[in-house]
Amino acid sequence: MSNRRIRSYAPGRVNLIGEHTDYNLGFALPIALDLGTTADFAPDTGDGTIVAESGDESGVATIGPTTAPGDVTGWGAYIAGCVWALRTAGHDVAGGRLHVESTVPVGAGLSSSAALECAALLAITADLDLSRHELARLAQHAENDYVGAPTGLLDQLSSLFGQQDTALLIDFRSLEVEPVPMPVEDSAQLLVIDSHAPHRHAAGEYAARRASCEAAAAELGVASLREARDDAWKDLPEGLNRARARHILTENARVLAAASALRLADFAAVGELMNASHDSMRDDFEITTPHIDLIAVTAQQFGAHGARMTGGGFGGSVIALAPAAAAERICADLPAAIAAAGHPTPTVRRVRPGRGAHLI
């Protein structure tokens, strides 16, 4: 038996701005986090079965060579889905033992699932010549069609293309990833505020938003909302599809404006765009909650340049961009303020853009 071991790392992500734009072929501006998942793979010459275990979750996932959607559930489904996606794409995948450890909090909207997928894929495919874009599509295929969550490519591209102290302007039509410098300095501290209200996009609400966007595009006679002009939502009748389209089209404009402001280190302008994004998610896309709204507005009142929900919605985390003094106040006082309003005490983490997925 070979003693060979392959180790890989892939980060979670937080999205500065650009929510639900990915599957509409629009724009987003995420960062890879300095939190991630490490995978340790020991290939063998057996029948192709992979036995996966996690230092963070109970149970062992046994992934057979002919695994199909529904065979593996829970955390192991994300790894099984990657194996299934690789094999259905015609790639030869060795069996073996896979151990994963993660520092990405589950359910916080920081894409622990993509970190798991990308770390597992990098380790399992170490001997294959696959591009980062191919890996991202395989991970998305696993999550969409094995796990059953209809997510776009935002999470996987963020994890795979992340760079230290850099945001990523992603064009989801071309899949171009443009680095935008984002140094962490006194005038621009990044805080992730975990509400401890887990997001539930797999429960149907995420899929409903996606369907509404597709319906709006069809009403406008375009293949996707990316093809519509910026104010095309005005051509739609009053109702959900109009509101959903308005969020996507105005969000794309906010992303591009935020990237331009970030290049100029105009953090106040970036913050204003983040606040407008949160308002749009609350009013037009209806994916925030009163709990999340309170966290965002409290961070703003405590001096943040901007604060907005990040992730699929209905819980999860808020991302805040704040000058140093405001960041100190948010860390010190916001958890108690939210708890006093009857909500779970949130966890505030200082984060910075981190390195993307890589072999160790």
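The values are calculated or read from the model by the stated rules, or taken from the named source; none is laboratory data. These figures come from a predicted structure and were not determined experimentally. Positions of Cβ are backbone-derived with ideal geometry, glycine not excepted, and every protein chain shown enters the neighbour counts.
Out of 267, 285, I need the residue that is of a type in the set (Phe, Trp, Tyr) and either within 27 Å of residue 333 (Cβ to Cβ) or touching a Leu at 6+ places or on another chain (Cβ under 9 Å) (or both). Which one? Lay out the reasoning, then the answer.
On the way: 285 fails: either within 27 Å of residue 333 (Cβ to Cβ) or touching a Leu at 6+ places or on another chain (Cβ under 9 Å) (or both).
Of the residues listed, the single one that is of a type in the set (Phe, Trp, Tyr) and either within 27 Å of residue 333 (Cβ to Cβ) or touching a Leu at 6+ places or on another chain (Cβ under 9 Å) (or both) is 267.
Take the residues in the stretch 250-281 that are among the charged types (D, E, K, R) and touching a Ser or Thr at 6+ places or on another chain (Cβ under 7 Å), then tell me which one is surrounded by the most Cβ atoms within 10 Å (Cβ to Cβ).
So in the stretch 250-281, the residues among the charged types (D, E, K, R) come out as 251, 254, 263, 266, 272, 279.
Still in the list and also touching a Ser or Thr at 6+ places or on another chain (Cβ under 7 Å): 251, 254.
Numbers: 251: 26, 254: 22.
Here the answer is 251.
I'm trying to understand the selection: among the residues of the stretch 326-342, which are over 15 Å from residue 190 (Cβ atoms) and either of a type in the set (A, V, I, L, M) or modelled with pLDDT under 95 (or both)?
332, 336, 337, 338, 339, 340, 341, listed by residue number.
Among the numbered criteria (1) in the same structural domain as residue 206 (by TED's automatic domain parsing); (2) under 22 Å from the mean Cα position of the chain (by Cα); (3) at pLDDT 95 or above, which single criterion is violated by residue 315?
Going through (1) in the same structural domain as residue 206 (by TED's automatic domain parsing); (2) under 22 Å from the mean Cα position of the chain (by Cα); (3) at pLDDT 95 or above one by one, residue 315 breaks only (3).
Restricting to the stretch 77-105, what's the tally of residues that are touching a residue at least 60 places away in the same chain (Cβ under 8 Å), outside any helix (DSSP H, G or I) and not polar (S, T, N, Q)? Please lay out each step first, then the result.
Narrowing the stretch 77-105 to residues touching a residue at least 60 places away in the same chain (Cβ under 8 Å): 77-78, 80-82, 84-85, 99-105.
Filter once more, keeping what is outside any helix (DSSP H, G or I): 99-105.
After this cut, where a residue has to be not polar (S, T, N, Q) as well, the list is 99-101, 104-105.
Residues flagged as touching a residue at least 60 places away in the same chain (Cβ under 8 Å), outside any helix (DSSP H, G or I) and not polar (S, T, N, Q) within the stretch 77-105 amount to 5.
Give 22, 44, 56, 34 a once-over and let me know the one that is modelled with pLDDT under 95 and under 30 Å from residue 228 (Cβ atoms).
Result of the check over 22, 44, 56, 34: 22.
Within the stretch 9-52, how many residues are of a type in the set (S, T, N, Q), buried (at least 24 other Cβ atoms within 10 Å of the Cβ), over 12 Å from the mean Cα position of the chain (by Cα) and assigned to a strand (DSSP E or B)?
1
Hey, can you tell me all the residues within the stretch 109-142 that are polar (S, T, N, Q) and over 12 Å from the mean Cα position of the chain (by Cα)? Walk me through it before giving the result.
Of all residues in the stretch 109-142, those polar (S, T, N, Q) come to 111-113, 125, 131, 140.
125, 131 - these are the residues of the stretch 109-142 that are polar (S, T, N, Q) and over 12 Å from the mean Cα position of the chain (by Cα).
Name, by its number, the condition in (1) surrounded by fewer than 20 Cβ atoms within 10 Å (Cβ to Cβ); (2) within 21 Å of residue 29 (Cα to Cα) that does not hold for residue 316.
Every condition holds for residue 316 apart from (1).
Residue by residue, here is whether (1) touching a helix residue (DSSP H, G or I) at 6+ places or on another chain (Cβ under 6 Å); (2) of a type in the set (A, V, I, L, M); (3) more than 21 Å from residue 164 (Cα to Cα) holds:
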{"site": "32", "(1), (2), (3)": "yes, yes, no"}
{"site": "37", "(1), (2), (3)": "yes, no, no"}
{"site": "41", "(1), (2), (3)": "yes, no, yes"}
{"site": "46", "(1), (2), (3)": "no, no, yes"}
{"site": "51", "(1), (2), (3)": "no, yes, yes"}
{"site": "55", "(1), (2), (3)": "no, no, yes"}
{"site": "62", "(1), (2), (3)": "no, no, yes"}
{"site": "66", "(1), (2), (3)": "no, no, yes"}
{"site": "72", "(1), (2), (3)": "yes, yes, yes"}
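In the stretch 107-125, which residue that is modelled with pLDDT under 95 and not in a helix (DSSP H, G or I) is surrounded by the fewest Cβ atoms within 10 Å (Cβ to Cβ)?
Out of the qualifying residues, it is 107.
Quick one: residue 177 ticks every box in (1) free of Cβ contacts under 8 Å to residues at least 60 places away in the same chain; (2) assigned to a helix (DSSP H, G or I) except a single one, so which number is it?
So the condition that residue 177 fails would be (2).
Taking the stretch 143-171 as the region of interest, how many residues are within 14 Å of the chain's Cα centre (by Cα) and closer than 17 Å to residue 26 by Cα?
Going through the stretch 143-171 one residue at a time, the tally reaches 13.
Hey, among the residues in the stretch 131-171 that are part of a loop (DSSP other than H, G, I, E, B), out of contact with any strand residue (DSSP E or B) (no Cβ under 8 Å at 6 or more places or on another chain) and among the small types (Gly, Ala, Ser), which one's modelled with the lowest pLDDT?
Residue satisfying both the conditions and the ranking: 152.
Scan the stretch 62-117 for residues that are out of contact with any Asp or Glu (no Cβ under 8 Å at 6 or more places or on another chain), polar (S, T, N, Q) and within 19 Å of residue 7 (Cβ to Cβ) and jot them down.
103, 112
For the subset of the stretch 343-360 comprising residues that are touching a helix residue (DSSP H, G or I) at 6+ places or on another chain (Cβ under 9 Å) and farther than 18 Å from residue 105 by Cα, which member is modelled with the lowest pLDDT?
Among residues in the stretch 343-360 that are touching a helix residue (DSSP H, G or I) at 6+ places or on another chain (Cβ under 9 Å) and farther than 18 Å from residue 105 by Cα, the one modelled with the lowest pLDDT is 343.
State whether the residues of the stretch 221-239 include one that is closer than 27 Å to residue 330 by Cα and at pLDDT 95 or above. Please lay out each step first, then the result.
Going through the stretch 221-239, the residues closer than 27 Å to residue 330 by Cα turn out to be none.
No, the conditions are met nowhere in the stretch 221-239.
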